[in-house]
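Engineer: Pasting a structure here, questions to come.
The values are calculated or read from the model by the stated rules, or taken from the named source; none is laboratory data. Note that the structure is predicted; figures quoted are calculated from it, not measured. No Cβ is skipped: glycine too gets one built from the backbone with ideal geometry, and neighbour counts run over all protein chains shown. Keep in mind that these areas ignore ligands, DNA and RNA; they rest on the heavy atoms of the full protein, side chains included. Shrake-Rupley method; radii C 1.70, N 1.55, O 1.52, S 1.80 Å.
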Amino acid sequence: MDPVTHWPAPHVDVPVHATVTLPGSKSITNRALILAALADGPSTITGALRSRDTDLMIAGLRALGARIEGEADTLTVIPAPLRGGSVDCGLAGTVMRFLPPVAALAAGRVFFDGDSQARLRPLRTILDALRTLGAEIEGDALPFTVVGTGELRGGPVTIDASGSSQFVSGLLLSAARFTEGVTVHHDGSPLPSMPHIEMTVEMLRRADVEVEAPADVRAPQTWSVRPGVIRAVDWEVEPDLSNATPFLAAAAVTGGQVSIPHWPRLTTQPGDVIREILVRMGAEARFSENVLTVQGPDRLAGIDIDLHDVGELTPTVAALAALADSPSRLRGIAHLRGHETDRLAALSTEINRLGGQVTETEDGLEISPAPLHGGTWHSYADHRMATAGAILGLRVPGIEIEDIGTTAKTLPDFVDLWDRMLVGDAAVAESGGAAR
């Protein structure tokens with residue numbers, strides 16, 4: 001989808017009723033791509049998400065020598081000796097934090113760069129960790145160069161990963177190929193987004209990698225990967241549950257009903273927590289076979305919740321809270337200041353710009369009910385900021401979203417899916433989705 005300068009967010013005056021089928025998980029797709037590229041034979045990835053972030057990962061692995069065939073959602077990955085090259089990270093955290101350990105195993109220099117916003121994202125944690133493990137790296141932020149020698153010693157390393165769980169996952173994904181494996185110890189504030197690390201561990205074990213992980217959150221935050229072979233696996237990618245949250249929110253804010261097929265009963269995806277959040281805010285969530293259906297309430301209640309482990313849901317929850325009839329407090333999300341943008345500042349600025357009452361706290365947001373009005377909603381090149389604006393637009397007429405095209409980062413067809421969700425039920429009061 002081409003970037004859109006200003007997109008008039010569709011506004012509805014009747015409940016939304018729709019079934020929305022979503023593409024695969026970005027988090028699972030990019031982890032599967034790396035494990036397949038480092039495996040002992042070819043792998044097939046079925047249901048892979050094709051978005052800017054995953055295409056950047058594919059291009060990066062190809063630049064390092066891996067053969068990746070297929071242009072739709074079924075990919076064949078054929079490992080090959082890793083070589084030097086150039087990697088464009090775009091604004092993808094998984095690319096800029098997962099690929100440097102792979103590059104350390106390449107025979108040659110690997111140059112990394114990305115979007116201008118990416119040069120502000122914290123990377124020194126992963127780069128210094130790799131230096132401790134024996135890598136030579138020139139630079140401490142984008143752009144930087146990994147000087148690969150074809151192998152990496154590995155061993156123990158202590159890091160402060162409180163800024164992003166991706167620092168831990170990035171080291172674990174490649175560690176079986178390190179000469180000594182790796183033992184990663186986290187020393188710092190509580191780790192955010194633990195479900196993403198659990199996803200990494202589960203996928204490593206499926207590839208027959210030996211991993212020791214903390215038994216519970218009270219145990220020392222240490223992960224160990226033994227050196228060995230990464231077995232080839234034919235991966236089937238679940239739908240992206242975080243990408244589903246704006247569509248389920250559409251049911252919640254309009255008192256409507258939205259169903260998502262193929263929702264897994266058991267998953268490590270953080271997006272699954274949206275079911276609990278919506279129920280706490282007054283909605284009903286139910287399963288029928290493999291379909292999740294959310295029925296919205298007559299009135300949406302505020303919520304006091306710690307989102308530390310599921311911070312990526314914050315923009316959706318903040319939009320819900322801005323439309324609720326009682327105050328909300330979103331806690332444990334100070335780490336969002338280092339995401340695609342400073343999401344706490346961005347959410348408070350944009351909701352307040354529309355007449356809301358949002359106060360930024362040390363570790364989150366306090367949101368009080370207030371009548372909202374139309375205006376421009378800035379996306380900050382952040383896909384989840386853009387979809388949060390779309391949620392608000394359902395209830396607030398006259399919202400225009402600057403750069404809705406940024407949703408291509410994880411969901412290239414967002415506008416078409418959003419419009420079909422509404423048009424399919426003749427629920428649109430104002431047409432939207434066209435560029436202008």
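Engineer: Mean separation of Cα pairs under 8 Å and 6+ residues apart, divided by the residue count of the chain: what relative contact order is that in percent?
Structural biologist: Once divided by the residue count of the chain, the mean separation gives 21 percent.
Engineer: Using alpha carbons only, how many degrees (0 to 90, rounded to 10) separate the axis of helix 241-254 from the longest principal axis of the chain?
Structural biologist: Roughly 10 degrees between the two axes.
Engineer: Just flag the GluC sites (Glu not before Pro) in region 306-397 sitting in loop per DSSP whose Cβ has no more than 14 other Cβ atoms within 10 Å.
Structural biologist: Answer by residue number: E362.
Engineer: Also: Of all accessible surface on the chain at a 1.4 Å probe, what whole percent is carbon and sulfur?
Structural biologist: Carbon and sulfur together cover 47 percent of it.
Engineer: Please determine, in degrees from 0 to 90 and to the nearest 10, the orientation of helix 414-423 with respect to the longest principal axis defined by the Cα atoms of the chain, where the helix direction is its Cα long axis.
Structural biologist: Orientation of helix 414-423: about 30 degrees from the principal axis.
Engineer: Treating only the Cβ of Lys, Arg, Asp and Glu as charged (+1, +1, -1, -1), what charge dipole size does the chain show about its Cα centre? Round to the nearest 20 debye.
Structural biologist: Value, rounded to 20: 540 debye.
Engineer: Using only the Cα atoms of region 48-93, construct the convex hull and provide its projected area averaged over every direction, in square nanometres to one decimal.
Structural biologist: The number I arrive at for region 48-93 is 3.2 nm².
Engineer: Let me ask something else. What is the angle, in °, between the Cα long axis of helix 26-37 and the longest principal axis of the Cα atoms in the chain? Nearest 10 is fine, range 0 to 90.
Structural biologist: Once rounded, one gets 20 degrees.
Engineer: Continuing with the same structure: Given a Förster radius of 30 Å and the C-beta distance between D13 and F287 as r, what FRET efficiency does 1/(1 + (r/R0)^6) yield to the nearest 0.05?
Structural biologist: 0.50
Engineer: How compact is the chain by the rule of thumb for globular proteins, expressed as Cα Rg over 2.2 N^0.38 Å?
Structural biologist: Scaled against compact globular proteins, the figure is 0.96.
Engineer: Residue farthest toward the positive end of the dipole of the chain, with Cβ of Lys/Arg at +1 and Asp/Glu at -1: which of I45, L173, L75?
Structural biologist: Farthest towards the positive end: L173.
Engineer: Using only Cα atoms, locate the centre of region 267-294 and the centre of region 142-195, then give the distance between them in Å, rounded to an integer.
Structural biologist: Centre-to-centre (Cα) distance: 32 Å.
Engineer: Evaluate Rg over Rh across region 1-153, taking Cα atoms for both radii and Kirkwood's formula for Rh.
Structural biologist: Over the Cα atoms of region 1-153, Rg/Rh equals 1.07.
Engineer: In deg cm²/dmol, rounded to 500, what helix-only [θ] at 222 nm does the chain give when every DSSP H run of at least 4 residues adds -39500 (n - 2.57) and the total is split over its residues?
Structural biologist: My calculation for the chain gives -9000 deg cm²/dmol from helical runs alone.
Engineer: Given a 1.4 angstrom probe, what's the average accessible area per residue across the chain, in square angstrom?
Structural biologist: Spelled out: the 1.4 Å probe surface of the chain, per residue, equals 36 Å².
Engineer: With θ set to phi - 60° and the Karplus curve 6.51 cos²θ - 1.76 cosθ + 1.60, what are the ³J(HN,Hα) couplings of region 94-111 in order, to the nearest whole Hz, using x for Gly and Pro?
Structural biologist: 5, 6, 6, 10, 8, 7, x, x, 5, 4, 5, 8, 7, 9, x, 7, 10, 9
Engineer: List the residues whose amide H sits under 5 Å from the amide H of W7, counting only those 5 or more places along or on another chain, with H placed 1.01 Å from N in the peptide plane.
Structural biologist: Residues meeting the criterion, in which the H sits 1.01 Å from N, are I401, E402, D403, I404.
Engineer: Normalised by the residues of region 72-125, what does the relative contact order come to in percent, with Cα pairs under 8 Å and at least six apart?
Structural biologist: 43
Engineer: Turning to a different aspect of this structure: Mind jotting down a quarter of the surface of the convex hull over the alpha carbons of region 68-189, in square nanometres, one decimal?
Structural biologist: 7.7
Engineer: Continuing with this model, one more query. Hey, what did region 18-133 get for relative contact order, percent, Cα under 8 Å, at least 6 apart?
Structural biologist: With pairs under 8 Å counted, the relative contact order is 22 percent.
Engineer: In whole Hz, what ³J(HN,Hα) sequence does region 164-181 give by Karplus (6.51, -1.76, 1.60; θ = phi - 60°), x for Gly and Pro?
Structural biologist: Values per residue, Gly and Pro as x: 5, 5, 4, 5, 6, 4, x, 6, 5, 4, 9, 5, 4, 8, 6, 4, 10, x Hz.
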